[in-house]
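K.L.:
Sharing a structure below in C-alpha cells format, with a few things to ask.
Laboratory data are not the source of any read-out in this text; all were calculated from the coordinates shown. Predicted, not measured: the structure shown is a model, and the values here were computed from it. Every residue, glycine among them, receives a Cβ derived from its backbone with ideal geometry; neighbour counts consider all protein chains shown.
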Amino acid sequence: MTSREITVTVNGQAYTRAVEPRLLLSDFLRHELHLTGTHVGCEHGVCGACTVLLDGVPVRSCLTFAVQAGGHVVGTVEGLAADPDPYQGWHSSQSETGYNFANWSNPQADQALEEGRLTTDQAKRKAAYATFQQLFAAEVPSLVLYYPQYHFAVSKKITGVTADPLDTPADRFRTIAEWKFKSAT
Ligand code: FES
C-alpha cells in the first residue's frame, strides 16, 4: 500500500511522517512519535483509553486513521503536563495490560476515570477525579506509601533538554527531537 506524507501538530510540535493509509492514530502516536501516554484498551471505541484531542475535540484514536489527523492539531495526555491521569493504575481494564496490579474493579471508579479522561473541562475533570479518590479511599484497594519522583542525569555535551514535568519515566524523552550535541571545538 502506498504511504502518504502527513504533517501533524502534536502538543504544539509539528511532525512530518510517511504513513500507511490504514495506520491508526493511536499506533501513530505510540509507535511513530513514542507518545505512549495514549493507551489502547478495547480498540472498539468503547473504553476511552485512547482518547486524544483533535482540533480540541475528544476523539477515539483507535477509530481514527493517522492520515485524518494530517494538517490538524492533536493533543495527548503528554501535553497536559502535570495533570496526573490515574486511569492506567486503577481502571479495571488495566489489570492485565496496565498497572492495576491490585486487580481493583469498581464500576463507579471506572466511570469516574473515563469521565476524567474524556473531558477537557478542568472543573469536570477535577470533580471526576475527586469521585475516584473518594471511592479509592473507601475501599483502599492498595496502600499508597509514596509517589515516585523521577530524576535523570544529562551529559553536559547535550543541550536542549527540557526536564519537567516527569509524570512517567518515558517523559524524559518527550523533547528528544530538540536535543543537540555540543560540538567539540
Ligand atoms: S481503545 Fe478503547 S476506545 Fe479506543
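K.L.:
Counting only trypsin sites (Lys or Arg not before Pro) that sit in a DSSP loop (anything but H, G, I, E, B) with at most 14 other Cβ atoms within 10 Å, what is the longest stretch of the chain containing none of them? Intermediate values should be presented prior to the final figure.
P.N.:
Details: sites that count: R22, K156, K157, K182.
So the longest stretch without any such site is 23-155.
K.L.:
So, one more: Just add up the charged neighbours of W90: K/R +1, D/E -1, any other residue whose Cβ is under 13 Å from the Cβ of W90. The partial results should precede the final answer.
P.N.:
Numbers: positive: R117; negative: D85, D110, E114, E139.
Around W90, the charge tally is -3.
K.L.:
Please give me the summed charge of the neighbours of V40: other residues whose Cβ is under 11 Å from its Cβ, Lys and Arg +1, Asp and Glu -1.
P.N.:
Neighbour charge sum, excluding V40 itself: 0.
K.L.:
Just to confirm the filter: which GluC sites (Glu not before Pro) across region 20-84 are DSSP coil and have at most 16 other Cβ within 10 angstrom of their Cβ?
P.N.:
Passing sites in region 20-84 are E43.
K.L.:
Mean residue ellipticity at 222 nm from the helices of the chain, using -39,500 (n - 2.57) per DSSP H segment of n ≥ 4 over the full residue count, to the nearest 500 deg cm²/dmol?
P.N.:
After summing the helix terms and dividing by residue count, I get -6000 deg cm²/dmol.
K.L.:
Then there is this: Can you give the angle from 0 to 90° between the axis of helix 122-139 and the longest principal axis of the chain, with both taken from C-alpha atoms, to the nearest 10?
P.N.:
50 degrees
K.L.:
Another question, if that's okay. Amide H to amide H, which residues 5 or more places from V10 or on other chains are under 5 Å from it, using H placed in the peptide plane?
P.N.:
Y15, V74
K.L.:
Using only Cα atoms and rounding to the nearest 10 degrees, what angle (0 to 90) does helix 107-118 make with the longest principal axis of the chain?
P.N.:
30 degrees
K.L.:
Moving to a separate point now. What net charge is computed for the residues neighbouring C62, neighbours being all others with C-beta under 11 Å from the C-beta of C62, Lys and Arg scored +1, Asp and Glu -1?
P.N.:
Spelling it out: positives minus negatives among the neighbours equals 0.
K.L.:
Here's something else I'd like to know. Report the extension gain between D121 and K182 in nm, rounded to one decimal, defined as 0.36 nm multiplied by the number of residues separating them, less their alpha carbon distance.
P.N.:
17.8 nm
K.L.:
What number, in percent, do you get for the relative contact order of the chain if the mean sequence gap of Cα pairs under 8 Å and at least 6 apart is divided by its residue count? Provide the component values of the computation, followed by the final result.
P.N.:
Working: 270 pairs, mean separation 28.6, N = 185.
Value for the chain: 15 percent.
K.L.:
Same structure again: Given H placed on each backbone N at 1.01 Å, which residues far from F65 in sequence or on other chains put an amide H within less than 5 Å of it?
P.N.:
Under 5 Å from the amide H of F65 lie the amide H atoms of L25, each far enough along the sequence or on another chain.
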